[in-house]
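Let me begin by presenting the structure, written as structure tokens, before commenting on it.
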Number of protein chains: 2
Amino acid sequence: MTKRPNVLWIMADQLRFDYLSCYGHPHLHTPHIDALAKRGVQFNKAYIQSPVCGPSRMSAYTGRYVRSHGSTWNGMPLRVGEPTLGDHLREAGARAVLVGKTHMTADLEGMAWLGIDPDSTIGVSRSECGFDPFERDDGLHPDSARQKWSAYDDYLVENGFKSENPWGDFANSGLDENGERLSAWLLKNSRLPADVPEEHSETAYMTNRAIDFMTEATADGRPWMCHLSYIKPHWPYIVPKPYHDMYGPEHVIAPVRSEAERDTDHPLMQAYLNARVCRSFARDHVREHVIPAYMGLIKQLDDNLGRLFAWMEAAGLSENTIIAFTSDHGDYMGDHWMGDKDFYHDVAAKVPLIIADPRAEADASRGSICEELVEMIDLAPTFMNALGCEAKPHIIEGRDLTPILNGTEGFSRRYAISEHDYHWSDMARALGVAQEHAHTVMIFDGRWKFIRCEGFRPVLFDLETDPQEVKDLGASEQADHIAVRARMEAALLDWARRHHTRITATSAVLARQKIAAEGGILIGFWDEQEYEEATGKPFSSLVPAGRPG
Amino acid sequence: MTKRPNVLWIMADQLRFDYLSCYGHPHLHTPHIDALAKRGVQFNKAYIQSPVCGPSRMSAYTGRYVRSHGSTWNGMPLRVGEPTLGDHLREAGARAVLVGKTHMTADLEGMAWLGIDPDSTIGVSRSECGFDPFERDDGLHPDSARQKWSAYDDYLVENGFKSENPWGDFANSGLDENGERLSAWLLKNSRLPADVPEEHSETAYMTNRAIDFMTEATADGRPWMCHLSYIKPHWPYIVPKPYHDMYGPEHVIAPVRSEAERDTDHPLMQAYLNARVCRSFARDHVREHVIPAYMGLIKQLDDNLGRLFAWMEAAGLSENTIIAFTSDHGDYMGDHWMGDKDFYHDVAAKVPLIIADPRAEADASRGSICEELVEMIDLAPTFMNALGCEAKPHIIEGRDLTPILNGTEGFSRRYAISEHDYHWSDMARALGVAQEHAHTVMIFDGRWKFIRCEGFRPVLFDLETDPQEVKDLGASEQADHIAVRARMEAALLDWARRHHTRITATSAVLARQKIAAEGGILIGFWDEQEYEEATGKPFSSLVPAGRPG
């Protein structure tokens, strides 16, 4: 196949890596995602760059670490001058289109400073992570005052679900047996069926919108990347019939947690355990009530993907479309006595990642499992390569996964990195940590997971002897643990010292500097002879003939 | 004095800290600069952020470390989205004006991407480090093909110095006794008088232009900061009569250098010593020939500053203008067997810095010597404070020097940092270091100077026992040296992990995030009662009353 492929990049939100049958879940069967894995490569060690939606996504969309793009937490605008995957693809003549969630906050102050009209083509793109918005849906606010009205809200109203906040009142609420409306913002209501039929749910709607886009794009003819970004299974945890009671407490796997974890002497870990969401999910009845709804949401997603993939097959798109499936981070769900995400155990920091490339070059890897350490920022260079965009090593910090897809040599990574800025969290409040010091960074080499906690001792897990990560070796006096910690600190410094803001070092700039350096810096020549011996050129060639007139 | 002061920020180029009489030079008398020090504070430990013009200046103009602004070497464009001192001052209603050199390379590719016309007001400002250009002069190319024609070239032509490159042919050439034109690009010609009279030299011209600006600004009435940025005493080393023979070999101080330095086993240091410019300045006859010209250039600069200060006094500007005097880096001049700059001995990385604030608040510090560790990036926040601009801790990494000027508590710095990207240097070529790994970073705590050299062992100097920095302790097995090196590595990691790209974290953004975090993230509440106990508000206040219609 010589023509450029398209890329469909599917992202689920808050999907744990181990809640898919291809990743080993014993009760949750996800045959459509499993089938995608069979057609491509399933990555078993894929790490996100921050265990929070916004920064994780900004890394995915820029191909850069959080410390590089600077959007370190939800609501922190991505600076106007930060180039994204969409910009690179557009430059190469492809479309980069958004269908769904990005969690981007626009840098309106930066746009005003640079004279960019937010409603101009450039302004809209800058406000949408560099994508062309086809359908944007960044909902997820608790109340109607803050919930931004979206096209999905319009859709709900058109279909008879009329209110000031149809997303909250119908799609994310249920009716109890007395017909009382109960909000899924409260965990006790998770087992109610959402008050929309499945075909009008947000997951189904967004799937339809992806089909709309692909229909239009096929007519358009330009190659494209479509980022199909689902909001679920992110909280509020509620799912329509029949998924709401497809699973019960008997399908809930026992939590991974130890008494040693609860007795931690690490102030930051203590603060995590004391945070409301962790106290909540540490309770068995919460887990047993919420997890079945979470599983239902994933099952519903899998069914919608089945529908989507079948449509693509029928539309003739399967043979020329690379499909990637992943998530922006996981969900503790009570493991380690924790809830939500925000830290670095595998259940939060590791995500499912499947890439199915239909081209013949990728036949060698089809159906394989990859145990290489990969990062979410690797997707951007991989898609750039697929769509014929030049590599941009001065901007992109991820590594092209194409060698893995093609079963060839050439991919390597020694460490995965993830960062977290917890400045307004319960933990920062409890510990009185100033917002500029409230950050942690994980470095993982495939065995040792080292977490540097500014102002506190590090946390260390050995995933070889403790794959469940329940034994913190961060204060261990054992010689090999001390040596590992020193090695990890040194590796972090190596990483932190790498060029990462030198984004103007284009090949043209580097070439121009090389010429200037090699030919033009004249300092240090005593006389003509030295100059001529060093350069092979007469010095007189540099000096105009003399004073005219 | 209640009205906002003006700021005149004078920068010399490549001026060593110790080539002024107030900094101890025994033969070079600089009474006008000395007098400025008597009217203000003389900083004895002021460090630049990179020992090269471009990156040092980009740090000065942004108030940010090199790793933050990303313009790591000469010719590396400052990215279009990098805010500068000029932008901050303009926002506060002050003018920020350039008279002279910046060494800025505009990010034309970035401007095209964001739709900014380089000739628009915003485009011109982005191309000039955020300054409004009054007079720009970034000359310094060896040949007429690369020498950009400047207003100073026009001026020379108007005054009878006609050629295709009057800057090179007259201002930076001399005539020998036979009337032959000899270029100051060759060091042997340094002792000739430049072929322009002093009053038409670049230093005099730029002084006149500063006077022109201040005359205009006084009529305008808005507060201003004027960056008066001289190209000299930077090479080509040549100076007009009578300065060309004011000094001779008898005024040249013996070089600071040791045999141990020449015998270094450090590959990078060996490569430095083998670089052409170092081999050149390691020769005594080169030093003895060039240094008198360098001294003459400084003496000429001092005389012009005397003229400028006298004019300001007569114009009534002295009483309301803060004057800062500094340089962008030093010059080895054969010390340590080295030439030019590019490394971190004090003669390259430490600069003269004098700040004279005429306001009564600063009377307490007048005429004092400050031994605090300060950095070039401290000037931006100091000027912002003086001109009434809000502090911007999310962008500015320098620290406000106002407490030092006012003789109050509040300034502190434990470490000074400087960085160098040597990717196209003789050293990188000789060692085969890839451009992405060719960097070093200095961290100095006032006693220990530690230089991390990626790919090589570090260099370490103890300035307490070895103030001349001739004894490299980077490989010492002595326990206290090992401990110092570990402490410095840890401090570097602390520094490297600080937020530095999080420039959209304005106080408004942080406040918005705080509200969202404290009030809006609902995850983890089991029921209404938990919500109400935790928040003190009824849960029903979040939920619209029910399905309408």
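The values are calculated or read from the model by the stated rules, or taken from the named source; none is laboratory data. Please read all numbers here as calculations on a predicted model, not as lab measurements. Because the Cβ atoms are built from the backbone with ideal geometry, glycine has one as well, and the counts that use them run over all protein chains shown. Note: areas computed on protein heavy atoms with side chains; ligands, DNA, RNA excluded. Shrake-Rupley method; radii C 1.70, N 1.55, O 1.52, S 1.80 Å.
Report, please, the projected area of the stretch A:1-80 averaged over directions, based on the convex hull of its C-alpha atoms, in nm².
Values: hull surface 29.8 nm².
Convex hull of Cα atoms, orientation-averaged projection: 7.4 nm².
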Checklist entry - Restricting to the stretch A:6-413, what percent of DSSP beta bridges are antiparallel, rounded to 5? => result 30 percent
Next on the checklist: How large is the accessible surface of residue B:119 in square angstrom, using a 1.4 angstrom probe and rounding to the nearest 10?
Outcome noted: 130 Å²
Checklist outcome for this item: Bounding extents of the stretch A:70-140 in its principal axis frame from Cα atoms, largest first in Å, are 31, 29, 22
Next on the checklist: Probe radius 1.4 Å, ligands and nucleic acids left out: which of A:4, B:222 has the largest accessible area, and how do the rest follow?
Outcome noted: B:222, A:4
Item to check | Per-residue ³J(HN,Hα) for the stretch B:3-9, Karplus 6.51 cos²θ - 1.76 cosθ + 1.60, θ = phi - 60°, Hz, x for Gly and Pro | outcome: 6, 5, x, 9, 10, 10, 10
Checklist entry - Sorted from shortest, what are the nm distances separating the label point of residue A:487 from equivalent points in the other copies, each placed 7 Å from Cα along Cα to C-beta? => result 2.8
Checklist outcome for this item: Ranking B:421, A:154 from most to least accessible area with a 1.4 Å probe gives A:154, B:421
Checklist outcome for this item: Phi-derived 3J(HN,Hα) across the stretch B:341-349 with the Karplus relation (6.51, -1.76, 1.60, θ = phi - 60°), rounded Hz, x for Gly and Pro, is 9, 6, 9, 10, 4, 3, 5, 9, 9
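Scale the Cα Rg of the stretch B:151-231 by the rule-of-thumb value 2.2 N^0.38 Å and send over the ratio, two decimals. Each step should come with its number before you reach the end.
Details: Rg = 15.7 Å, N = 81, 2.2 N^0.38 = 11.7 Å.
Relative to the rule-of-thumb radius for its length, the stretch B:151-231 sits at 1.34.
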Item to check | Charge dipole magnitude, Cβ of K and R +1, D and E -1 - the stretch A:446-539, Cα centre, debye nearest 20 | outcome: 480 debye
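Per residue, what volume in Å³ does the Cα convex hull of the stretch A:293-410 take up?
On the way: hull volume 15.5 nm³, N = 118.
Per residue, the Cα convex hull of the stretch A:293-410 comes to 131 Å³.
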Next on the checklist: What does the copy distance list look like for residue B:263, label position 7 Å along Cα→Cβ, in nm and ordered from shortest?
Outcome noted: 5.9
Checklist entry - Simple spin-label model, 7 Å along Cα-to-Cβ: residue B:222 to residue B:34 in nm? => result 4.0 nm
Item to check | Identity and axial distance of the chain B residue whose Cβ lies nearest the axis relating B to A, Å | outcome: B:81, 1
Checklist outcome for this item: Nearest-0.05 FRET efficiency for residue A:307 and residue A:157 at R0 = 25 Å, using Cβ-Cβ distance, is 0.55
Next on the checklist: Under 8 Å for C-alpha pairs, at least 6 residues apart: give me the relative contact order for the stretch A:363-490, rounded to a whole percent.
Outcome noted: 15 percent
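For residue A:260 and residue A:175, FRET efficiency with R0 = 51 Å and r from the beta-carbon atoms, rounded to 0.05?
Details: r = 44 Å, r/R0 = 0.86.
Computed FRET efficiency for residue A:175 and residue A:260 comes out at 0.70.
Can you give the direction-averaged projected area of the convex hull of the alpha-carbon atoms in the stretch B:334-396, in nm²? Each step should come with its number before you reach the end.
Numbers: hull surface 25.7 nm².
The Cα convex hull of the stretch B:334-396, projected and averaged over all directions, gives 6.4 nm².
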Checklist entry - Per residue of A:64-72, how many C-beta atoms from partner chains lie within 10 Å of its own C-beta, taken as a mean? => result 4
Next on the checklist: Could you tell me how far the Cα centroid of the stretch A:156-175 sits from the Cα centroid of the stretch B:395-429, in Å?
Outcome noted: 56 Å
Checklist outcome for this item: Dividing the helical contributions, -39500 (n - 2.57) per DSSP H run of n ≥ 4, by the residues of chain B yields a 222 nm value, nearest 500 deg cm²/dmol, of -9000 deg cm²/dmol
Checklist entry - Given H placed on each backbone N at 1.01 Å, which residues far from residue A:239 in sequence or on other chains put an amide H within less than 5 Å of it? => result A:194
Checklist entry - In degrees, nearest 10, range 0 to 90: what is the angle between the Cα axis of helix B:202-220 and the longest Cα principal axis of chain B? => result 40 degrees
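I need the peptides B:523-529, B:370-376 ranked by packing, meaning the mean over residues of other C-beta atoms within 10 angstrom, with the highest value on top.
Numbers: B:523-529: 17.3, B:370-376: 20.9.
Final packing ranking: B:370-376, B:523-529.
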Checklist entry - What's log10 of I(q)/I(0) for the protein assembly as shown at q = 0.04, 0.08 Å⁻¹, Debye sum over Cα points only, no solvent? => result -0.24, -0.88
Checklist outcome for this item: The answer for residue A:256, listing residues at least 5 apart or on another chain whose modeled amide H is closer than 5 Å to its amide H, is A:335, A:336
Next on the checklist: Using all alpha carbons of chain B, what is the percent of pairwise distances in each 20 Å bin, ordered from the shortest bin to the longest?
Outcome noted: 20, 52, 21, 5, 1, 0
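Pairs of alpha-carbon atoms within less than 8 angstrom and 6+ residues apart define the contacts here; what relative contact order does the stretch B:6-413 have, in percent?
Values: 872 pairs, mean separation 121.4, N = 408.
Rounded, it is 30 percent for the stretch B:6-413.
When 1/r is averaged over all different Cα pairs and the result inverted, which Kirkwood radius in Å belongs to the stretch B:397-549? Show your work: numbers first, answer last.
Details: mean 1/r = 0.0475 Å⁻¹.
After inverting the mean inverse Cα-Cα distance, the result is 21.0 Å.
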Checklist entry - Nm distances between the label at residue A:465 and the same-position labels in the remaining copies, 7 Å along Cα→Cβ, shortest first? => result 4.0
Checklist entry - Each label point is 7 Å from the Cα along the Cα-to-Cβ direction; what then is the distance between the points at residue A:199 and residue B:253, in nm? => result 8.8 nm
Next on the checklist: Roughly how far apart, in whole Å, are the Cα centres of the stretch B:247-303 and the stretch A:338-363?
Outcome noted: 57 Å
Checklist entry - Ignoring ligands, DNA and RNA, how much accessible area is buried between chains A and B, both sides summed, with a 1.4 Å probe, to the nearest 100 Å²? => result 9500 Å²
Checklist entry - Where both partners of a DSSP beta bridge lie in the protein assembly as shown, what percent of those bridges are antiparallel, to the nearest 5? => result 50 percent
Next on the checklist: Amide H of residue A:345 versus every other amide H placed in the peptide plane: which residues, excluding those fewer than 5 positions away on the same chain, fall under 5 Å?
Outcome noted: none
Item to check | Between helix A:479-497 and chain A: long-axis angle, C-alpha atoms, 0 to 90°, nearest 10 | outcome: 60 degrees
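If you roll a 1.4 Å probe over chain A with all protein chains in place, what percent of the accessible area is carbon or sulfur?
Details: 9680 of 18600 Å².
The computed percentage sits at 52.
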Checklist outcome for this item: Helix B:53-62 sits off the longest principal axis of the Cα atoms of chain B, rounded to the nearest 10 on a 0 to 90 degree scale, by 40 degrees
